[in-house]
1. Can you work out ³J(HN,Hα) from phi for every residue in segment A:133-142, in order, using Karplus 6.51 cos²θ - 1.76 cosθ + 1.60 and θ = phi - 60°, giving whole Hz and x for Gly and Pro?
2. Filter the trypsin sites (Lys or Arg not before Pro) in segment B:68-138 to those in DSSP coil with at most 10 other Cβ atoms within 10 Å of their Cβ, and list the result.
3. What figure, in Å² to the nearest 10, do you get for the accessible area of B:Met466 with a 1.4 Å probe and non-protein molecules left out?
4. Please compute the Cα-Cα pair-distance distribution of segment B:284-411 with 5 Å bins starting at 0, giving whole percents from short to long.
5. Scan segment A:34-128 for trypsin sites (Lys or Arg not before Pro) in coil per DSSP, keeping those whose Cβ has at most 12 other Cβ atoms within 10 Å, and list them by number.
6. Viscosity 0.692 mPa s, temperature 37 °C: what is the translational diffusion coefficient of segment B:365-405 from Stokes-Einstein with a Kirkwood Rh over Cα pairs, rounded to a whole number of µm²/s?
7. Keeping all protein chains in place, calculate the accessible area per residue for segment A:226-287 (probe 1.4 angstrom), answer in Å².
8. In Å and on Cα atoms, what radius of gyration and Dmax does segment B:386-474 show?
Amino acid sequence: MSMKPMITRRTLLGTGAAAATLTLAAPGLVRASTFPDRNISVYVPTSEGGGADRNFRAFSSVWKEKLGTDFEPGFYPGASGRVGYEIYMGKADPDCYNLIFGNMGPEVLNWAMQNPSFDVNDYFYFGQVDKDPCCLFVGAESPLQTMDDIIAASKTRKLNVGTSRMAHPASIGLLALGEKLGIEFNLIPLQGGKSTVAGAVTGEVDFSVLTSGSVIAAGDSVKTLLVFGNNVVGDRLDNAPSINDAYGMDLPEMLSARAFGIHKKAADDHPDRFETLSKTFKETFDDPKLMDAYIASKGTPEYLQYADVEECEAFKTAMLELGARYKSLLSGA
Amino acid sequence: MDSSTASILVEVFFDTLGYWYIIIPTIFLGLIVGGIPGFSAANTIIILMPLTLALDLQSGLVFMISLYCAARMGAGIPAILVNIPGTAGAAATPLDGYPMAKQGKGQQALAISFVASCIGGLLTTMIALATMPILARVGFYMHSVEMIVVMLFGISLIASIAAQDMVKGLIAGFLGLMIGSIGTDVVYATPRGTFGFLELYDGVPLIPALVGLFAVSEAFVIIEKRVIVNHDEEPKTPNWHDTFEGVKIALKRWTHIVWTSIIGLVIGVIPGAGASIASFVAYQQSRSFSNTPEKYGYGHPEGLIAPEAANNGVTSGTLVPLLVLGIPGGATAAIMLVVMQFHGVSFGPSLFENQPKVGYGMFMAMAVSYVLMFLTILPLSRYMSHVTTIPTIYLAPMIISFTLVGGFVPREYMFDMYLALAFGVLGYIARRTGYHVAAILIGVILGPLLEKYFLWSLKKSDGDIMVLFSSTLGNILWVAFALSIILPIVFGMRRKRKLEVPAE
């Protein structure tokens, strides 16, 4: 009786093929179970060395410990952030290894002024790092030293108001104030925070509106008169009242809010990876090291504030609605 | 200046001198980063930010200031030797610097540039220190209307350059202005002429345009020759005599250094204005009031002194609004602000009351840097000028690869490398057909700035064009501008008449 071989040629080939397949697929399988197994790329739509860069580095220095991997920033400035978003949406793979670190205030307002080449619902913000209310301020030597001065002067002439750019939450705050008081202001886009501060200080414009973090950094060269949100820093913004308290309004806070965003497809296709990102992002806020890093990067501690997907989405929607409402005034259309 | 301020100044001066071991290596670093297109003091300070923040306040301050000064001077070296202005601030330097190098006077040109830079920088630092409260007020008077006239001073240089062939010169100038208008508009951010390229939404990036028009096109031209130095000029062995000759030429024109560096200082204290504006305005003014305007563009020392003295004058100027008002006058000053704030220094009117040593220390660091720069860099001109004798079969590919990388560095877009190449081809065609690339470049650099100030003025006045004549200072500048256009023509006619008299 001939013994049937335990391993036939067919079995051997089959087993070999299966083993080879398993060997080749193993890294992928392991990868799938150990996200992240490589660095996360972060697209920053502003210049290196700016506020977003400092803020990103402070936050990621703590987040990387929770996530177990490092973050690699890439800076894509231009066209008020539009270039960075277009590159992220057009070129970055939607695999949860590519994130965008943007500003839900002015950058989202862009979409209301001019549609991007992608659908704005194809990405969403899943974690806010900080929020910085906008404010109205004058130069230290300006003849307008109170809101009453501004209102009185606006009755005699149309006042010129500096803003970083037309499509900015601070511009909307000012337009809302003008609507409430029946005053027409002339917005002058001075292209950037530094120029906006300089415009108010040197008298290029009568006064300016900007995010309050930049105004605090300008020190005693400027005086803040009104906050388009809540003044949570007290005398660092000269104890200026909120617009709602001062004029009985119910304007939503006009904020610059930095947040991490992601392709919707990435979150849909890789829910486990997205869960890891969201969970570790939240854990980062619970770590006291974050506040230390944020303060070291010259952030205003009161502005460090977590917000989740739902809150970020509500913010984004509100910005798009406000942008649509004021589009004709902000875009000249 | 009271006695306590004087004693603080003396103390700070000697303190700063004690940091020579930081200043000297930083000078060499600054020369290198300034000379590489695309790099600058600003992005070097960003890259080295962890180091800068780790240093103590005084060391960090000395490091940043000496890097800033040296990078400004370093940008002039490749501009003179191989027609590569490393930054927009050095864009006017090759107009006369490079023709000198081609005439075999590269070493002399470098010496002239170093002397003009160091004396201009040192002098304006002293003036800024003495007149800081007054200078800080300049920004309060120079608003958008006044800046329009300042821009026109620079842009009128196109007409001077076009003098030899008016039609071609003006075509080149208008082409530059058209290229300069690419990008989103200043007020409503409406894209214009971007051809759908997102990378052009912020306008044509300056460094790729600069290196493309000047350096890449020049590389295409020099490849047809054996060495940069003209065939009819015997390539000389570098010698100390040329360096001393350059120093002598520059020192003989000390008044020229003084007034062109003051132009730089005054423009530098205006927030937002910068070295590119100052160097073109200084060059234009220098040419307008010269007895020999016809020599400009052909290697005239005064045409080299003016932009170099002016752009170093800007260096001290940008510190004034930073220290007195807390407003940085330029990109490097803005980064200094961040670093100094990290150390707990708050800028603005209270700085000189609370931390006078920091305020004065920054100017002293600048003064000491210029003195040490003069002593360390001048001897190097002999060795640097060797570049012009390198055979072009090696030099041209190096220039192209070097400048393409330089085009890439500021924004890190591959697009910018292609753009530099495209500008190189445009520049080459312009050179071969007798159009002046400098006229194109002036349009590209100053056009967007002129448009910005013009649109701001119109927006502020609700579209009333008469706003251009609404300020006293603006009107004085208009008269000065008109005189600077008319007087050279009158002087030229008078000179011509004088020359004709003996002939009769």
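1. Each residue's phi maps through the Karplus curve to give x, 7, 8, 10, 9, 10, x, 4, 9, 5 Hz.
2. Values: sites: B:Arg72, B:Lys102, B:Lys105, B:Arg137; in loops: B:Lys105, B:Arg137.
Qualifying residues, ordered by number: none.
3. 110 Å²
4. Going from the shortest bin to the longest, the percentages are 2, 8, 11, 13, 12, 16, 15, 11, 7, 4, 1, 0.
5. Details: sites: A:Arg38, A:Arg54, A:Arg57, A:Lys64, A:Lys66, A:Arg82, A:Lys91; in loops: A:Arg38.
Filter output for segment A:34-128: A:Arg38.
6. Details: Rh = 12.5 Å.
This corresponds to a translational diffusion coefficient of 263 µm²/s.
7. Working: 2750 Å² over 62 residues.
Counting only protein heavy atoms, the per-residue value for segment A:226-287 is 44 Å².
8. 19.8, 59
The values are calculated or read from the model by the stated rules, or taken from the named source; none is laboratory data. All of these numbers come straight from a predicted model, not from anything done at the bench. Cβ coordinates were reconstructed from backbone atoms using ideal geometry, including for glycine residues, and neighbour counts include every protein chain displayed. What goes into the accessible areas is simple: the full protein's heavy atoms, side chains included, and nothing from ligands, DNA or RNA. Shrake-Rupley method; radii C 1.70, N 1.55, O 1.52, S 1.80 Å.
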